[in-house]
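Have a look at the structure below before the remarks.
The values are calculated or read from the model by the stated rules, or taken from the named source; none is laboratory data. What you are looking at is a predicted structure, and each value in this text was computed from that prediction instead of being measured. With ideal geometry, Cβ positions are generated from the backbone for all residues, glycine too; neighbour counts draw on all protein chains shown.
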Amino acid sequence: MEIHIIVLGTAGDDGLRELHRRLTDIEELRGEVRAVPAASRPGALGTLLDALSVNVLSAGAVSAVAGVVVTWIRHRTTDAVIKLRRPDGTEVEVTAERVRRLNSAAVRSIVAELSQAAGPEGNSDDGGTPSGE
């Protein structure tokens, strides 16, 4: 199953590049993370990223993605929003503002909920938004 990761706000392209690096550092995800370039703009130098596409082959891979996303967004100094989109169109959104204030137990809970919602069997009672939102 493929999950798309989209970073909204000022973190955008730089955030996606940093997430790409962090995700590919995880052995289980090596070779499974692909940068999705944005449509090129006339006169632009270089390519911006639109999203990351992660091929998750196991529940462990989904948990690894969720852990990286929550850790990355928790340590942002600016507000950012990350959306994880499953192939069926289900989206899960995580915001830095809400995650930043959580203690360790709450972070583990968010990672578990995000893993469940983003996973192949995932669904949640509230339309895919983890309760920390």
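Data table
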quantity: Lone unmet requirement of (1) at pLDDT below 90; (2) touching a helix residue (DSSP H, G or I) at 6+ places or on another chain (Cβ under 6 Å); (3) not charged (D, E, K, R) for Leu52; calculated: (1)
quantity: Yes/no for Thr77 being in a loop (DSSP other than H, G, I, E, B) and among the polar types (S, T, N, Q); calculated: yes
quantity: Gly89 out of contact with any Pro (no Cβ under 6 Å at 6 or more places or on another chain), modelled with pLDDT under 75 and closer than 18 Å to Ala51 by Cβ; calculated: no
quantity: Segment 97-115: number of residues that are outside any loop (DSSP other than H, G, I, E, B) and farther than 16 Å from Val62 by Cα; calculated: 6
quantity: Any hit, segment 101-117, residues being within 17 Å of Arg22 (Cα to Cα), charged (D, E, K, R) and surrounded by fewer than 20 Cβ atoms within 10 Å (Cβ to Cβ); calculated: no
quantity: In segment 1-33, residue nearest to Ala64 (Cα to Cα) [restricted to those that are more than 13 Å from the chain's Cα centre (by Cα) and in a loop (DSSP other than H, G, I, E, B)]; calculated: Ile26
quantity: Hey, Ile82 within 13 Å of the chain's Cα centre (by Cα) and modelled with pLDDT under 80 or not; calculated: no
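Rundown of residues vs (1) surrounded by 20 or more Cβ atoms within 10 Å (Cβ to Cβ); (2) out of contact with any His (no Cβ under 9 Å at 6 or more places or on another chain); (3) touching a residue at least 12 places away in the same chain (Cβ under 8 Å), yes/no style:
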position	(1), (2), (3)
Leu8	no, yes, yes
Leu16	yes, yes, yes
His20	no, yes, yes
Thr24	no, yes, no
Leu52	yes, no, yes
Val65	yes, yes, yes
Val69	yes, yes, yes
Arg74	no, yes, yes
